[in-house]
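None of the figures in this text is laboratory data; all of them are computed from the coordinates on show. Bear in mind that the values here come from a model prediction, so they are computed numbers and not experimental data. Methodologically, a virtual Cβ is constructed for each residue, glycine included, from the backbone with ideal geometry; neighbour enumeration extends over all protein chains shown.
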Amino acid sequence: MMELYKAYPEKQNFFDKSFSKEINDIDKLSGTRNFKEQIIAGKTEEEIRRSWEPGLTNYKKTRKKYLLYK
C-alpha cells in the first residue's frame, strides 16, 4: 500500500471514495483510520508495525484466557 501511494501521481485522490471504493475501504480492512493517516504521513513499514504492538499485546493477553490448548 505504501509503495502504491508513493507512486500515485495525484496523492490527494488516492484515498478518495469517488475514485476508488476499494481503496476507501482501507479503514475497514485495517480496522482503523490510523493506517491511512500513517501512509499519508510517510511513515515507514517498521514505524507502522510498531504502532500496532500495544493493541496486539493486549489482544494476545485477552486471547490467552480463551485458548483450549497451549
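For the stretch 55-60, 3J(HN,Hα) computed residue by residue from phi via the Karplus equation (6.51, -1.76, 1.60; θ = phi - 60°) reads x, 5, 4, 4, 4, 5 Hz, glycine and proline entered as x. When the alpha-carbon atoms of the chain are used, the pair Rg, Dmax equals 15.6, 50 angstrom.
What share of Cα pairs, in percent, lie more than 15 angstrom apart in the stretch 29-68? Result: 50 percent of Cα pairs exceed 15 Å. Along the positive direction of the dipole of the chain (beta-carbon charges: Lys, Arg +1; Asp, Glu -1; about the Cα centre), which of Y8, W52, F35 reaches farthest? The one lying farthest along the dipole's positive direction is W52.
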